[in-house]
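Student: Have a look at this one.
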Amino acid sequence: MLEVNEINVFYGYLQALWSVSFNVNSGEILCVVGSNGAGKTTILRTISGLIHPKSGNIKFLGKEIHNIPPHKIVEMGIAHVPEGRQVFPQMTVLENLKMGAFTRRAWSKMEDTLEFIYQLFPILKERGKQLAGTLSGGEQQMLAIARGLMAKPSLLMIDELSLGLAPKIVELLFEAIKNINDQGVTILLVEQNIRAALEVSDRGYVLENGRIVLSGKSEELIEDETIKKAYLGL
């Protein structure tokens, strides 16, 4: 579904990604894991079209997307749930959700998508008229994921799902990710919580200092001695 080929990405003169390559297969949950500052968010921002690689290319369903604007990428079927939620605080929960359905295809299916979202996160239906800025952190993360789903993506990218949230909320959200994937949505998950990400995903890539250093099936990576020592404290 998605091919990232040898991308080099800079912020000004500072290089953030070095010849990064990976692929995402249709129907899977793929995670890119690593410590803070490894370049994980930069990968998603580049796929989304918010920044462009200096070299290399990105293909989605066989079409190059690395030089097209973000709204066109959303229309093609990629949605990005950003780090830190970034909900619209002065808008209601329902208004935030409707903002996610701005494409013609998504708007026409909005009621069906809302029904699925309310099954996935019942609290959002209860909070529909509440200002998003008054929600708890966990509720805002649910809203951010739901807003991404409103775009009817075939690929949903989620940046730091668990950041700053209580363990019970994190468990609930990772369960929701599996439910979303069961509905046919391919998921690219970027995450510092390496154990949780590997437990929910099919495959994973490990990013260090802007470079891919390990890759493989998630059940193999979680047993890798390097991963255990460097990231899992074992």
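The values are calculated or read from the model by the stated rules, or taken from the named source; none is laboratory data. Nothing here was measured: the structure is a model prediction, and the numbers come from that model. A quick note on method: Cβ atoms are made from the backbone with ideal geometry, for glycine too, and the neighbour counts reach across all protein chains shown.
Student: Ile169 - would you say it is touching a strand residue (DSSP E or B) at 6+ places or on another chain (Cβ under 7 Å) and under 26 Å from Ala38 (Cβ atoms)?
Tutor: no
Student: Same structure, new question: Kindly indicate the residue of segment 163-194 that is touching a Phe, Trp or Tyr at 6+ places or on another chain (Cβ under 8 Å) and not β-branched (Val, Ile, Thr) and also farthest from Lys228 (Cα to Cα) among those meeting that condition.
Tutor: Gln183
Student: With surrounded by fewer than 22 Cβ atoms within 10 Å (Cβ to Cβ) and modelled with pLDDT under 95 as the only criterion, which of Ser26, Ser48, Ser35, Ser19 stands out?
Tutor: Result of the check over Ser26, Ser48, Ser35, Ser19: Ser35.
Student: When you scan segment 94-130, how many residues do you find that are modelled with pLDDT of 95 or more, touching a strand residue (DSSP E or B) at 6+ places or on another chain (Cβ under 8 Å) and not polar (S, T, N, Q)?
Tutor: Looking only at that region, the number is 2.
Student: In this structure, is Ile177 modelled with pLDDT of 95 or more, crowded, with 20+ Cβ neighbours inside 10 Å, outside any helix (DSSP H, G or I) and not small (Gly, Ala, Ser)?
Tutor: no
Student: Something else now. Here's a check for you: in segment 158-174, which residue that is charged (D, E, K, R) and surrounded by fewer than 17 Cβ atoms within 10 Å (Cβ to Cβ) is farthest from the chain's Cα centre (by Cα)?
Tutor: Within segment 158-174, the match that is farthest from the chain's Cα centre (by Cα) is Lys168.
Student: If you don't mind, another one. Does Thr226 satisfy being over 30 Å from Met110 (Cβ atoms), assigned by TED's automatic domain parsing to the domain that holds Asn25 and among the β-branched types (Val, Ile, Thr)?
Tutor: Against the criterion (over 30 Å from Met110 (Cβ atoms), assigned by TED's automatic domain parsing to the domain that holds Asn25 and among the β-branched types (Val, Ile, Thr)), Thr226 qualifies.
Student: Within segment 48-60, which residues are touching a strand residue (DSSP E or B) at 6+ places or on another chain (Cβ under 7 Å) and in a loop (DSSP other than H, G, I, E, B)?
Tutor: Ser48, Ile51, Pro53, Lys54
Yes/no matrix, rows are residues, columns are (1) without any contact (Cβ under 8 Å) to a residue 12 or more places away in the chain; (2) of a type in the set (Ser, Thr, Tyr); (3) in a loop (DSSP other than H, G, I, E, B):
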site	(1), (2), (3)
Asp112	yes, no, no
Ile117	no, no, no
Ile123	no, no, no
Gly133	no, no, no
Gln140	no, no, no
Ala144	no, no, no
Ser162	no, yes, yes
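Student: Taking only pairs six or more apart or across chains, which ones have beta-carbon atoms under 8 Å, a first residue in segment 59-73 that is of a type in the set (S, T, N, Q), and a second residue that is not in a strand (DSSP E or B)?
Tutor: So the pair list comes out as Asn67/His52.
Student: If you don't mind, there's one more thing I want to ask. I need the full set of residues from segment 7-47 which are over 29 Å from Glu220 (Cβ atoms) and in contact with a strand residue (DSSP E or B) (Cβ under 7 Å, 6 or more places away or on another chain), in order please.
Tutor: Phe10, Gln15
Student: Output the number of residues of segment 180-209 satisfying the condition of being part of a helix (DSSP H, G or I), surrounded by 13 or more Cβ atoms within 10 Å (Cβ to Cβ) and not small (Gly, Ala, Ser).
Tutor: Residues meeting the conditions: 7.
Student: Take Gly84 and decide whether it is at pLDDT below 95 and either of a type in the set (A, V, I, L, M, F, W, C) or more than 11 Å from the chain's Cα centre (by Cα) (or both).
Tutor: Spelling it out, Gly84 is indeed at pLDDT below 95 and either of a type in the set (A, V, I, L, M, F, W, C) or more than 11 Å from the chain's Cα centre (by Cα) (or both).
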